[in-house]
1. Based on what the data block shows, is residue A:15 within 8 Å of chain B (Cβ to nearest Cβ) and over 30 Å from residue B:256 (Cα atoms)?
2. Do we find a residue being farther than 26 Å from residue B:251 by Cβ and among the aromatic types (Phe, Trp, Tyr) anywhere in region A:123-133?
3. Can you give me the number of residues within region B:184-225 that are over 26 Å from residue B:143 (Cβ atoms), part of a helix (DSSP H, G or I) and not aromatic (Phe, Trp, Tyr)?
4. Only one of these conditions is not met by residue A:163: (1) hydrophobic (A, V, I, L, M, F, W, C); (2) under 21 Å from residue B:267 (Cα atoms); (3) under 18 Å from the mean Cα position of the chain (by Cα). Which number is it?
5. Give me the helices (runs of 4 or more DSSP H) completely within region A:113-221, filtered to those with at least 2 residues that are within 14 Å of residue A:30 (Cα to Cα) and touching a strand residue (DSSP E or B) at 6+ places or on another chain (Cβ under 9 Å), ordered by residue number.
6. Any residue in region B:30-59 that's over 19 Å from residue B:119 (Cα atoms) and touching a residue at least 40 places away in the same chain (Cβ under 8 Å): show its pairings with residues that are part of a helix (DSSP H, G or I) and of a type in the set (Val, Ile, Thr) at Cβ separation under 9 Å, as long as the two are six or more apart or on different chains.
7. Quick one: which of B:13, B:31, B:39 is assigned to a helix (DSSP H, G or I) and either modelled with pLDDT of 85 or more or surrounded by 14 or more Cβ atoms within 10 Å (Cβ to Cβ) (or both)?
8. Residue check, residue A:129 against (1) of a type in the set (Phe, Trp, Tyr); (2) more than 24 Å from residue A:169 (Cβ to Cβ); (3) buried (at least 22 other Cβ atoms within 10 Å of the Cβ); (4) more than 8 Å from chain B (Cβ to nearest Cβ), all met but one. Which one?
Amino acid sequence: MITTSNLSKKYSGNQVLHIENLEIPKGQSFGLVGNNGAGKTTYFSLLLDLIQPTTGHIISNDIQVNKSEDWKPFTSAFIDESFLIGYLTPEEYFYFVGELRGQNKATVDAFVGQFEDFFHGEILGKKKYLRDLSKGNQKKAGIVAALIGNPEVVVLDEPFANLDPTTQIRLKGIVKDLAETRGVTVLISSHDLMHVTDVCERIVVLEKGEVVKDLVTNEATLKELEAHFAN
Amino acid sequence: MMKHFLKLEWKAFFRSASFGKSLGIKIFMGFMALYFMTFFLIGGFFMDKILEKVFPKLDLITAFCGLLFFWILGDLIFRFFFQKLPVMSVKPLLTLPVSRNKIVHYVLGKSALSFFNFLPLFAIIPFGIKLLFKDYPTGSLLILLLALFVTTLIINFLNFIIESFSAETELSFLPVILLTGGLFALNYYEIISFKDLIGNAFIAIYESPLLILVLLLILVITYIFNFKLLHKKLFLDSGLKTEVKEVNASNLDWTKNFGDIAPFMQLDLRLIWRNKRTKSSVWMLAIGLLYGLFFYPNSTYNNMPFFFIFIGIFSTGIFLINFGQFVPAWDSGYYKLLMSQNIKYEQYLKSKFTLMALSVVVLFVLGIPYVYFGWKILFAHFAAAIYNIGINTHVILWGGSFNRKKIDLSQKAAFNYQGTGAVQWLIGIPLLVLPMLIFALLNWLLSFEIACIVLIAMGVLGIVFHEKLMRFITGKYLESKYKMIDAFDQDN
């Protein structure tokens with residue numbers, strides 16, 4: 001589904017990301033971990049064509065992302081609050097995103113309705129602008145908006161940060177369901193090793209922009225990761 | 001402590017992402033300052049001659065003091081639109097061991113050093129020196145000079161009091177207009193003669209210097225009042241609590257008539273209506289529309305047809321200029337979302353174009369009553385409207401592809417009254433001046449009708465090639481996509 005080859009990004013001679021080869025098959029839940037500055041967000045930004053690669057490219061579903069815009073219909077993302085439109089209510093925001101993805105209001109309503117307990121009654125029908133919601137609630141709205149319109153690739157940067165424990169657990173359920181039963185390729189980055197190992201079938205560790213570990217998740221993975229980061 | 005604050009500001013200025021751009025503006029402002037300084041200097045130098053001419057029967061001091069009322073009113077209006085309280089990002093300082101008092105004193109102290117406070121001195125000092133040579137008593141003159149300087153400082157602080165109150169209202173410029181207009185009217189219709197009141201007060205100071213203490217007292221009171229106001233705003237929650245209003249959401253379904261650009265038009269309309277900064281540009285429409293009334297009733301302008309075009313472009317294009325110059329910065333807060341969403345740039349830009357073109361049509365129609373002042377004016381306005389739709393909309397959208405400065409729509413921190421400054425009018429100059437030049441030239445060489453028709457033809461040409469132009473503009477935006485994303489990501 002997503003093929004990365006010879007990808008690198010340099011800022012004034014400083015290499016922040018270098019990935020020789022990375023293959024992410026369709027329907028995989030893929031976790032990216034690493035310390036600050038390891039290149040997680042850089043990789044996601046390259047995948048979404050928000051920055052230009054210095055060398056190499058990413059091919060998503062046979063489309064080279066920095067050459068054509070045809071990856072946009074099947075890809076969606078929530079990277080940070082700058083993906084939210086502060087002066088809209090959550091409903092209006094969902095409708096807007098839905099409309100861009102060819103979904104009418106009724107479909108969006110039905111889709112968003114499934115997430116009633118994820119929202120914990122704090123998002124829908126509150127008549128508040130997104131900018132007036134708390135950070136955690138903003139994040140919930142952003143994540144759900146990224147799921148509208150049956151995307152085949154979903155990119156979530158640090159989805160667990162800022163969420164309360166109940167919501168974290170519910171989010172894990174949602175992500176697992178996406179990959180296992182709907183065949184969606186989910187890319188997640190996180191600092192929380194426990195969450196990532198819970199959710200992702202495969203975990204890649206980045207360090208200073210390079211892939212240093214590529215693990216298929218099993219019982220020993222969490223221990224291995226903890227040992228790795230302890231050093 | 002002051003040293004630290006100054007260092008911070010120095011760095012904020014030189015390390016800002018839009019440094020080059022704001023430097024250009026600073027240089028322009030520098031020239032404006034020079035211009036005003038010379039203007040005041042010459043004015044001050046010939047003040048005695050002018051006063052003798054206009055008020056031959058009055059003593060110079062009496063005549064001069066009689067004008068002070070108008071100076072105070074003018075200064076208040078001028079400052080309201082051009083002088084802003086020095087901005088400082090205070091949030092990071094609040095948890096540090098810096099006393100709140102110090103921050104406020106610093107900001108207020110800095111405002112006292114504003115250019116606006118020294119400008120009157122350029123007129124007052126040469127005038128004073130000339131009076132000295134006319135054998136007016138030195139001591140009294142110095143006291144009068146001091147009194148005038150203290151008055152500028154009072155106006156300085158008074159202005160911030162007015163601004164801080166009007167920043168909370170929607171029509172931010174209404175309070176100051178009402179206040180100054182009201183005072184002027186009371187004086188004009190001789191209900192209360194503020195002119196004499198203020199004049200006599202200054203003459204009294206001139207005659208008995210101890211009275212200057214009253215002025216100093218007023219200065220201290222305005223300072224303390226300002227201090228209290230700002231001090232209150234230095235708490236984080238002061239910005240938050242007013243905002244949680246219930247939303248009245250309208251569904252804007254009528255935009256569906258515009259086809260595939262409908263979602264963007266809905267977004268733009270909500271953008272305009274739900275943010276304080278954009279909302280003020282809606283109120284500007286009223287000013288633009290009524291702008292002609294300042295000129296047309298005066299018959300001297302009737303022989304200057306190029307003025308019709310100026311007012312035509314301005315009054316039909318005020319929304320275009322105000323809104324268009326910040327495309328795409330209006331969307332800078334969520335630009336990354338738009339760029340990774342399933343959208344076509346062309347639709348996004350077309351929505352902006354449609355809004356601007358619609359505004360021109362509406363403003364032209366609302367301006368039809370100007371025909372009262374002559375059919376020529378209506379014809380010129382029509383030509384200007386077509387030119388606006390065909391040429392200026394495209395020019396301003398094209399210009400937007402060079403836009404690298406983020407606009408923080410949700411900005412509601414203390415000390416921030418952004419969005420009402422003078423700078424945003426600068427970009428309007430080429431949009432206004434070019435058609436005026438073309439028109440003036442043709443009007444002079446050929447005739448009024450031909451000049452209008454040429455402008456119309458240019459506009460029609462722009463409309464005919466609309467698709468082509470939009471493709472070109474879209475290309476420009478695509479080219480600078482990464483630069484824009486990067487710039488909009490930065491805070492300053």
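1. Numbers: within 8 Å of chain B (Cβ to nearest Cβ): no; over 30 Å from residue B:256 (Cα atoms): yes.
So residue A:15 does not fit the description; no.
2. First pass over region A:123-133, keeping only residues farther than 26 Å from residue B:251 by Cβ: none.
Looking for residues that are farther than 26 Å from residue B:251 by Cβ and among the aromatic types (Phe, Trp, Tyr), one finds none in region A:123-133, hence no.
3. We begin by selecting, within region B:184-225, every residue over 26 Å from residue B:143 (Cβ atoms); these are B:184-186, B:188-192.
After this cut, where a residue has to be part of a helix (DSSP H, G or I) as well, the list is B:184-186, B:188.
Now restrict to residues that are not aromatic (Phe, Trp, Tyr): B:185-186.
Matching residues across region B:184-225 total 2.
4. With (1) hydrophobic (A, V, I, L, M, F, W, C); (2) under 21 Å from residue B:267 (Cα atoms); (3) under 18 Å from the mean Cα position of the chain (by Cα) applied to residue A:163, the lone miss is (2).
5. On the way: elements: A:116-119, A:135-145, A:165-182, A:193-199.
It comes to A:165-182, A:193-199.
6. Taking only residues 6 or more apart or on different chains, not a single pair turns up.
7. Values: B:13 fails: either modelled with pLDDT of 85 or more or surrounded by 14 or more Cβ atoms within 10 Å (Cβ to Cβ) (or both); B:31 fails: either modelled with pLDDT of 85 or more or surrounded by 14 or more Cβ atoms within 10 Å (Cβ to Cβ) (or both).
Only one candidate passes the filter, namely B:39.
8. (4) is the only condition that residue A:129 fails.
The values are calculated or read from the model by the stated rules, or taken from the named source; none is laboratory data. Not measured: the values here are computed from a predicted model. Glycine also receives a Cβ, built like all others from the backbone with ideal geometry; neighbour counts cover every protein chain displayed.
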